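Everything below concerns the one structure shown next.
Every number here is computed from the coordinates shown, using simple stated rules; none is lab data. Please read these numbers as outputs of a predicted model, since none were measured by experiment. All Cβ positions, even for glycine, are placed from backbone atoms using ideal geometry, and neighbour counts span all protein chains on display.
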Amino acid sequence: MKALLTVNNLKVYFPVYGGAFRKKVDEVKAVDDVSFEIEKGTTVGLVGESGSGKTTIGRAIARLVPATAGDVYYDGTDILTLGPKAFRPYRKEIQMVFQDPYGSLNPRMTIQSTVGEALDIHFKDMSKLDRTDRIRELLTKVGLPEDAGNRYPHEFSGGQRQRIGIARALAVEPRFLICDEPVSALDVSVQAQIVNLLKDLQQELGLTYLFIAHDLAVVQHMSDHVLVLYHGKVVESASAEQIYQDPQHDYTRKLLSAVPVLG
């Protein structure tokens, strides 16, 4: 199967400034020489503790933070070399679902305006009727009532807000979703609902996921392949089954030992 995304030797370093003249005195190697690929229609899980560089990888792929070095090939094109205008079509292809469902929504905008904003940017010729129908379809697809579009973010629970975030990401018909800790801010019972929704949407729409999390149980349920990240480096890469049955790296074993077991 052909890879939709290939990451080669990705590095993201952040400068550290100090002294009276704010000169660069050091750098933080948030992501240090990371390589992997994701086949179409599959999920790669990226797991590690806070500060390991997981989110930075996702943001670098989406070009929300600049990469220091490396290549990111999306469907055969190195998207890191594209200018803003040339990259704009890929904004539709690559979308993110963020960790904080409330923080990622504008509290002053109705849900219809929030989801419709992406349609206004990328589908300028869409009629008002088609826009309304599309928003209603998206809200229904993620399990929200049709009248949800007339309400505001504060009127919804955390799980419902995350469904809104997913609907917004799907509005422009992407093929690749970067899910950045999409359930870590939710109650355990709600986490399962959102994970199952993501799996159903993947099957229905043929989506490809990079699923970022620190919860190994969630990653195991979601992923075909798992990358274990430690201090900006991939220390283990294997199928989800192999990672959990026969971990090779000490850090992976420590992460597994931290997973709570019921009973």
**Fill in**
Given backbone amide H placed at 1.01 Å from N, residues whose amide H is under 5 Å from that of V28, ignoring those fewer than 5 places away on the same chain, are F14, V16
**Asked** Tell me, what ³J(HN,Hα) does each residue in region 86-101 have, in order and in whole Hz, if you take phi through Karplus 6.51 cos²θ - 1.76 cosθ + 1.60 with θ = phi - 60° and put x for Gly and Pro?
**Response** 5, 7, 3, x, 6, 4, 6, 6, 10, 10, 10, 10, 8, 5, 9, x
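Given Cα pairs under 8 Å that are at least 6 residues apart, what percent is the relative contact order of region 30-119?
Numbers: 34 pairs, mean separation 14.9, N = 90.
The normalised contact order for region 30-119 reaches 17 percent.
Contour minus end-to-end for F14 and A217, with contour as 0.36 nm per residue of separation and end-to-end as the Cα-Cα distance? Can you show the working numbers first?
Numbers: separation 203, 0.36 × 203 = 73.08 nm, distance 3.09 nm.
Stretched fully, the F14-A217 segment lengthens by 70.0 nm.
Hey, with R₀ at 35 Å, roughly what FRET efficiency would E39 and H231 work out to, going by the Cβ-Cβ distance, to 0.05?
Numbers: r = 27 Å, r/R0 = 0.77.
That pair, E39 with H231, gives E of 0.80.
For the chain, give the share of DSSP beta bridges that are antiparallel, in percent and rounded to the nearest 5; count only bridges with both residues there. Write down the numbers at each step before the final one.
Working: 26 of 44 bridges.
Roughly 60 percent of the DSSP beta bridges within the chain come out antiparallel.
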**Fill in**
Checked against a 23 Å limit on the C-alpha separation, the offending pairs among K92/K128; K128/K199; K2/K199; K29/K54 are K128/K199
**Message:** If each DSSP helix of 4+ residues adds -39,500 (n - 2.57) and the sum is divided by the residues in the chain, what number results at 222 nm, nearest 500 deg cm²/dmol?
**Reply:** -11000 deg cm²/dmol
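Sort 73-84, 4-15 by the packing proxy (mean of other Cβ within 10 Å over each peptide's residues), most packed first. The partial results should precede the final answer.
Details: 73-84: 13.8, 4-15: 17.8.
Final packing ranking: 4-15, 73-84.
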**Fill in**
Contact order relative to length for region 111-177, counting C-alpha pairs under 8 Å separated by 6 or more residues, stands in percent at 45
**Item:** Per-residue ³J(HN,Hα) for region 124-129, Karplus 6.51 cos²θ - 1.76 cosθ + 1.60, θ = phi - 60°, Hz, x for Gly and Pro
**Value:** 5, 8, 5, 6, 4, 5
